[in-house]
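The structure appears below as structure tokens.
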Amino acid sequence: QIQQTQSIESAGTVVTESAPRAEKILPDTSPEEQYKFAVSFIKIGDYETAELALREFVDNNSSHNLAGNAQYWYGETFRVRQLYQDAATAYLNGYQKYPKSTKAPVNLLKLGVMLVQIGEKEQGCSMILGVKAQYPEANQSVIQKAEYEKKKFNCEKKS
């Protein structure tokens, strides 16, 4: 009994220490330059590095006007690798934290698609259907993509 308690306490202290970050990826420049740098890894197809750089950007610049975009691209790094659960989590965080971001409508759409992919069809469909309702001013391509996904996944409004 005593030994068990001690091991839990010592494990507790280990867990509460913040894990040392992998070395910083982003350069010591403006947030705009850091954002460009982080997104550049997506352009060359290095999604692992992009994931780390974008995570670092969002952690360090959570109130910057590019944070919502960075959070969206962070989700994309998982989606392209077919890590749908991680992608859904990243898109959900983006949707909740940055509802006014320019990427918010597509974030919501991708969240819906990921939920359908992982078997949460009803929830996913409600997100896909919600894109047009929540973001009527969204880019036309996003609205059209939502329409396409709605048909593809056979999402129907519940009456």
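Within the shell of other residues whose beta carbon sits under 11 angstrom from the beta carbon of Arg81, the net charge comes to -3, with Lys and Arg scored +1 and Asp and Glu -1.
Compute, for segment 46-159, the length of the dipole vector about the Cα centre, with Cβ point charges of +1 (Lys, Arg) and -1 (Asp, Glu) only. Units Debye, rounded to 20.
Working: 15 positive and 13 negative charges, 108 e Å.
Value, rounded to 20: 520 debye.
Measuring r between the beta carbons of Val80 and Glu120 and using R0 = 22 Å, the FRET efficiency lands at 0.65.
Taking Lys and Arg as +1 and Asp and Glu as -1, the other residues whose beta-carbon sits under 9 Å from that of Tyr47 total -3.
Go through segment 52-143 and name the GluC sites (Glu not before Pro) that are in a DSSP coil and have 15 or fewer other Cβ atoms within 10 Å of their Cβ. Those satisfying the criteria are Glu120, Glu137.
Which entries in Lys24/Lys100; Lys121/Lys145; Lys36/Lys97; Lys43/Lys132 show an alpha-carbon gap greater than 25 Å?
Working: Lys24/Lys100 28 Å; Lys121/Lys145 17 Å; Lys36/Lys97 21 Å; Lys43/Lys132 29 Å.
Those over the limit are Lys24/Lys100; Lys43/Lys132.
Only the coordinates and a few stated rules stand behind these numbers; no lab work does. In this text, all values refer to a predicted model and were calculated from it rather than measured experimentally. Ideal geometry is used to build each Cβ from the backbone, glycine not excepted, and the neighbour counts take in all protein chains shown.
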